[in-house]
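Trainee: Structure incoming, see below.
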Amino acid sequence: MNQLRRMFLLFIMLTIVNGNHAMPCTYSRNRKHKLIAHCENQGFTSVPMNLSRDISELILSNNSIRMLQNDSFVHYTKLEILILNKNRLSEIKEDAFVGLHLLKVLKVNDNLINIRTLPRGVFRHLSDLIDLDISLNKKSLDENTAFVYPDGAFSALRSLQNLSIDLFMFPEFGAGFSSLENLTALKFSQCYLRNSSQFRLSNSTFEHFSSNLKELYISGCRNFFLLEYGLLEYFPHLKILDLSESYVHLYQALRILHPFQNKNMSVINFHHISDNSINEDDFPYSVVLTAELMTYIRTICIEALDLSKTGIVDYQHNSLLSFEHPECFKTFIISANRLPATTAKHSLQLYSFLMKAINIKVYDLSYLTIDYAHPVFINVYNTESFYHLPKSAKYFQMSPHWNINYSLPSSIEFLRFTHIQSTPSSASITCKNTSLKYLDVSYGVYKRYPKFSEDCLKQLEYLDISGISVAIITFPSMLLPKLVVLKMTNARIDQIVRKGREWMSFRAPALREVDISFNYIWTLEETTFFKQPHITHLNMSNNLFRTIPNFVTKLQKLQSLDLSNNLITSIDDDIRIWLNRMTRSHPVLYLDNNAFMCSCDTLDFLLWFEKTNVTFYNGDNYTCTMSNNKQILLKEVAKNTNKYFSDCKATLWLHVGIILVASAFGVFVPLSLLYNYRWNIILYMYRKVRRVVEKNLHENYLYDAYVSYEERSVLWIQKCLLPKIEEEWGLKVCLHDRDLLPGDITADAKAESIQQSRHVVFIITEHFTEGKWGRFEIDRAKYEKYTTNLRKIIVILQNIRIEDIPDEIVNISNDVCFIEMALDENEIINSTDNQRDWLKLKALLYLN
């Protein structure tokens, strides 16, 4: 018993020492078949000692290790990569890395290390270390004194090539950094610089670093600070300079480039180095580029230049586009400036630059003229990652009148002219042997759509023409053999559909992804996308569809169909059959925020929804409207149809009985009675039939008529109109004083009530347009008449001259039914003519 107790205590002690109270690590092999130990997220408080001695990579990120003791890795002499980021490390003992003479990569970022207190010999065992990341560690508490980096500790890293570290106020890099002769990339991941206590990055800041440095990243310094003129003189071989998101201002950034005159550079990234928080006499927010400011940069042979969001509002002659080596450019980004770069004044300079930039692949001139709230930027290092990013900004219209003609370089692959307010009246773009793969001309204010020669589109894979009315797009019936993605959101396709015109005239046999959301579409022809049978992703969300259009059944390779935010009430039988056949390919259907109905009429759909294997995205949260107007989860109703619709068969027989009784009554009623009430019977039967038809067409009206009036007509409405329409004729009208709920936004409530009405009745007097809402109600009725299912606009004229009728009514007089009635209720009751007017009104309200 005592022996068992001693063994148990020994096991507990070993567990505490080695941190093995955590879950065990797992192993895998890299491409070179070397062993990797995965010990991340295991709760270790110290380095585990019981791992395989053959591991070449040890991942200990996201644990709770606070200290690296001496000899922490003495058993793992084959380690080449050690990752300790996101722990709680605050102390590293001098001999913590004993035995790691083969280590190439060390990451101790995202910890609590005060790098000023690193022991002098802490890295002396890492003779072969190439990559060190010690950034995102403890912030200096005193920003007003010099931050002395421990050059004695870093001086041992003679093989180091990549160093990631934080940049603190008043930095001092001692002579020990001169030992890092192989250092080629210096990245300051976290920046604490600011313009206080007369701080500036001085000429001597980097004097002890190797002149072989090729990459320098000082990004994310979101406070303005000064740069001295000779800051970069110690890096004559620099190839990448990244100051992105550091608010040093474009003036300073251009001036420190003087050491690189007439040299080659791979990337100059000045993205967002000017900010609206900086607006002084010497550093204004609005930047006008001059030939003097461009003196140094124009002589450099640059492969990729990013000047996006740098505050440029204009540029003088021989400045922005006057590069001496335009043939060096492969990427040129100048988006999100308030720059009128597409005006006639600068078009010749732009044309000249593009003709000389014979090797350019990416050109981005977007989000111009104003500050957009959420522009979408391209990554200058990886432009291809941009292909599927969303675009959400809106534009405001300009009206320029000038023409341009461009010939694109054959090397260009990426061309973006999105969200440009100032566009030419017409533009012709020609290509020869082009490599253009990505074309984005969305949200431009075009009077005429740019004409692209057929050669420009032969290699095109991505096309975005969103935000441009398809009415002005003049795509000929051309072949786009490699087009994969097409975006046409906010393109007012409904205008073309209403006119019965074809809007997909071009052929794109390789088309896979189509986005036609936000287009007010309520129907599409059966032949839609007939020439694009291989579509896999179709987005028709945020439209006005009431059913799933039948043309989708022709798309046999469809993987994703998005019809969310439409007006769909049910899924038709033909669509259900097609979806059941498609379950083998596992298509995903998006139907969030539709107008599903749960009733006896949709019972077949509900039963199918419960049994089908079709994948509905977020289907458990779909809701439907019951006959009592309550919203309930669609899934709940589908599972319990017997509970909710037990009386469906009884209701059916009740309807049959009513029809038989009505038929018998119609046969045996005296002919004289039938003759006397012939019109009433006809109108009654018509109304019944119409309701059935409207129900099948998914047209559900809450009101028979919406009445628009001004205050002087209230008494006449109460004494004459309502008794006739509601009490005598049995119709339901909407009066804003009576039926609109207090507290609702008036404009929204009125618009919704008009949309829910079969007809709109305007009572026009000579004071009608003096009312607050008269013109709004007329405009809304016109919109519903031409876009949805509003049946009639009826105008009752009361004591008004022809010339006093509102112009808004006159302009649509061909679509309006006029009735003249007196305002005096006594005159109406006693007048035979006005009795005929009432009969006319009744017929108009009953008949479509």
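Trainee: Contact list please: Cβ distance under 8 Å, first residue in segment 293-313 and part of a strand (DSSP E or B), second residue open to solvent by 10 Å² or more (accessible area, probe 1.4 Å) and charged (D, E, K, R), pairs at least six apart or on different chains.
Mentor: Short answer, once both residue conditions are applied: C301/K263; E303/K330; A304/K330; I312/R338; V313/R338.
Trainee: I've got another one for you. Select from segment 514-558 the residues that are polar (S, T, N, Q) and touching a Ser or Thr at 6+ places or on another chain (Cβ under 6 Å) and list them in ascending order.
Mentor: Pass one, segment 514-558, residues polar (S, T, N, Q): 517, 519, 523, 527-528, 532, 536, 539, 541-543, 547, 550, 553, 556.
Across segment 514-558, the qualifying residues are S517, N539, S541, N542.
Trainee: Among residues belonging to segment 742-757 that are at pLDDT 85 or above and outside any helix (DSSP H, G or I), point out the one that is nearest to I725 (Cα to Cα).
Mentor: Selected residue: S757.
Trainee: While we're here: Kindly list, by first and then second residue, each pair from a residue in segment 772-792 that is closer than 19 Å to L702 by Cα to a residue that is in a helix (DSSP H, G or I) and acidic (D, E), limited to pairs with Cβ atoms under 7 Å and residues at least 6 apart or on different chains.
Mentor: The qualifying pairs are K785/D815; L790/E784.
Trainee: Separate question: Restricting segment 332-377 to residues that are at pLDDT 70 or above and hydroxyl-bearing (S, T, Y), which is most open to solvent (accessible area, probe 1.4 Å)?
Mentor: Filtering segment 332-377 for residues that are at pLDDT 70 or above and hydroxyl-bearing (S, T, Y), the one most open to solvent (accessible area, probe 1.4 Å) comes out as Y351.
Trainee: Follow-up. Within segment 775-796, is even one residue within 30 Å of Q495 (Cα to Cα) and over 42 Å from the mean Cα position of the chain (by Cα)?
Mentor: Residues of segment 775-796 within 30 Å of Q495 (Cα to Cα): 775-795.
Restricting the remaining residues to those that are over 42 Å from the mean Cα position of the chain (by Cα) gives 794-795.
Yes, because at least one residue in segment 775-796 is within 30 Å of Q495 (Cα to Cα) and over 42 Å from the mean Cα position of the chain (by Cα).
Trainee: Every residue in segment 580-634 that is in contact with a helix residue (DSSP H, G or I) (Cβ under 8 Å, 6 or more places away or on another chain) and open to solvent by 70 Å² or more (accessible area, probe 1.4 Å), please.
Mentor: D601, D604, E610, N613, D620, L633 - these are the residues of segment 580-634 that are in contact with a helix residue (DSSP H, G or I) (Cβ under 8 Å, 6 or more places away or on another chain) and open to solvent by 70 Å² or more (accessible area, probe 1.4 Å).
Trainee: Read through the list (1) of a type in the set (A, V, I, L, M, F, W, C); (2) open to solvent by less than 20 Å² (accessible area, probe 1.4 Å); (3) modelled with pLDDT under 75, then give the number of the only condition that I764 fails.
Mentor: The number of the failed condition is (3).
Trainee: Moving to a separate point now. Looking only at segment 250-271, count every residue that is surrounded by 18 or more Cβ atoms within 10 Å (Cβ to Cβ), part of a loop (DSSP other than H, G, I, E, B) and free of Cβ contacts under 8 Å to residues at least 60 places away in the same chain and tell me the total.
Mentor: Here the count works out to 3.
Trainee: Report yes if some residue within segment 97-114 is assigned to a loop (DSSP other than H, G, I, E, B), in contact with a Gly (Cβ under 9 Å, 6 or more places away or on another chain) and either of a type in the set (G, A, S) or in contact (Cβ under 8 Å) with a residue 12 or more places away in the chain (or both); otherwise report no. If you could, list the steps in order and put the result at the bottom.
Mentor: Residues of segment 97-114 that are assigned to a loop (DSSP other than H, G, I, E, B), as a first pass: 97-104, 108-114.
Remaining after also requiring in contact with a Gly (Cβ under 9 Å, 6 or more places away or on another chain): none.
No, because not a single residue in segment 97-114 is assigned to a loop (DSSP other than H, G, I, E, B), in contact with a Gly (Cβ under 9 Å, 6 or more places away or on another chain) and either of a type in the set (G, A, S) or in contact (Cβ under 8 Å) with a residue 12 or more places away in the chain (or both).
Okay, residues lined up against (1) within 14 Å of N70 (Cα to Cα); (2) within 39 Å of the chain's Cα centre (by Cα):
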residue	(1), (2)
D95	yes, no
V108	no, yes
I115	no, no
F123	yes, no
D128	no, no
S135	no, yes
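Trainee: Conditions: (1) open to solvent by 10 Å² or more (accessible area, probe 1.4 Å); (2) in contact with a helix residue (DSSP H, G or I) (Cβ under 9 Å, 6 or more places away or on another chain). E228 meets all but one. Number of the miss?
Mentor: (2) is the only condition that E228 fails.
Trainee: Kindly indicate whether any position in segment 689-705 is open to solvent by 10 Å² or more (accessible area, probe 1.4 Å), in contact with a Leu (Cβ under 8 Å, 6 or more places away or on another chain) and modelled with pLDDT of 85 or more.
Mentor: Yes - at least one qualifying residue is present in segment 689-705.
Trainee: Here is a list: K724, K732. Which entry is touching a strand residue (DSSP E or B) at 6+ places or on another chain (Cβ under 6 Å), at pLDDT 75 or above, surrounded by 13 or more Cβ atoms within 10 Å (Cβ to Cβ) and within 27 Å of Q756 (Cα to Cα)? Show your work before the answer.
Mentor: Working: K724 fails: touching a strand residue (DSSP E or B) at 6+ places or on another chain (Cβ under 6 Å).
Going through K724, K732 in turn, just one is touching a strand residue (DSSP E or B) at 6+ places or on another chain (Cβ under 6 Å), at pLDDT 75 or above, surrounded by 13 or more Cβ atoms within 10 Å (Cβ to Cβ) and within 27 Å of Q756 (Cα to Cα): K732.
Trainee: Still on this model: Only one of I83, I115 is open to solvent by less than 40 Å² (accessible area, probe 1.4 Å), within 28 Å of P171 (Cα to Cα) and modelled with pLDDT of 95 or more; which? Step through it out loud before you land on a result.
Mentor: On the way: I115 fails: modelled with pLDDT of 95 or more.
After applying the criteria, what remains is I83.
Trainee: Next up: Going by what's in this entry, would L186 be described as within 19 Å of I130 (Cβ to Cβ) and touching a Leu at 6+ places or on another chain (Cβ under 6 Å)? Give the steps one after another, and end with the answer.
Mentor: Numbers: within 19 Å of I130 (Cβ to Cβ): yes; touching a Leu at 6+ places or on another chain (Cβ under 6 Å): yes.
Here the answer is yes, as L186 does meet what is asked.
Trainee: Sticking with this one: So which of K785, K840 is open to solvent by 40 Å² or more (accessible area, probe 1.4 Å), farther than 24 Å from C720 by Cβ and at pLDDT 75 or above? Step through it out loud before you land on a result.
Mentor: Details: K840 fails: farther than 24 Å from C720 by Cβ.
The unique qualifying residue is K785.
Trainee: For segment 136-191, which fully contained strands (runs of 3 or more DSSP E) count at least 1 residues that are in contact with a Ser or Thr (Cβ under 6 Å, 6 or more places away or on another chain) and modelled with pLDDT of 95 or more? Walk me through it before giving the result.
Mentor: Numbers: elements: 147-149, 162-167, 171-173, 185-191.
Fully inside segment 136-191 and qualifying: 162-167, 185-191.
Trainee: May I pose another question? Name the residue, out of K557, K531, that is touching a strand residue (DSSP E or B) at 6+ places or on another chain (Cβ under 9 Å), charged (D, E, K, R) and closer than 23 Å to P481 by Cα.
Mentor: Working: K557 fails: touching a strand residue (DSSP E or B) at 6+ places or on another chain (Cβ under 9 Å).
The conditions single out K531.
Trainee: Could you check segment 494-518 and list, in sequence order, the residues that are open to solvent by 70 Å² or more (accessible area, probe 1.4 Å) and closer than 14 Å to M540 by Cβ? Show your work before the answer.
Mentor: Initially, segment 494-518 is screened for residues open to solvent by 70 Å² or more (accessible area, probe 1.4 Å), giving 498-499, 501-502, 507, 512, 518.
The answer is F518, and nothing else.
Trainee: Could you pull out the residue among F177, F123 that is open to solvent by less than 10 Å² (accessible area, probe 1.4 Å) and under 30 Å from F44 (Cα atoms)? Before you say what the answer is, go through the steps one by one.
Mentor: Values: F177 fails: under 30 Å from F44 (Cα atoms).
Exactly one residue qualifies, and that residue is F123.
Trainee: Still on this structure: Of the residues that make up segment 794-801, is at least one over 26 Å from T746 (Cβ atoms), part of a loop (DSSP other than H, G, I, E, B) and at pLDDT below 80?
Mentor: yes
Trainee: So which residues in segment 606-626 are in a loop (DSSP other than H, G, I, E, B) and of a type in the set (S, T, N, Q), if there are any at all? If you could, list the steps in order and put the result at the bottom.
Mentor: Going residue by residue through segment 606-626, those that are in a loop (DSSP other than H, G, I, E, B) are 612-614, 618, 622, 626.
Hits for segment 606-626 are T612, N613, N618.
The values are calculated or read from the model by the stated rules, or taken from the named source; none is laboratory data. Just so we're clear, the structure is a prediction, and the values are computed from it rather than from any experiment. Neighbour counts run over all protein chains shown; Cβ positions are idealised from the backbone, glycine included. Note: accessible area is taken over every heavy atom of the protein model, side chains too, but ligands, DNA and RNA are not part of it. Shrake-Rupley method; radii C 1.70, N 1.55, O 1.52, S 1.80 Å.
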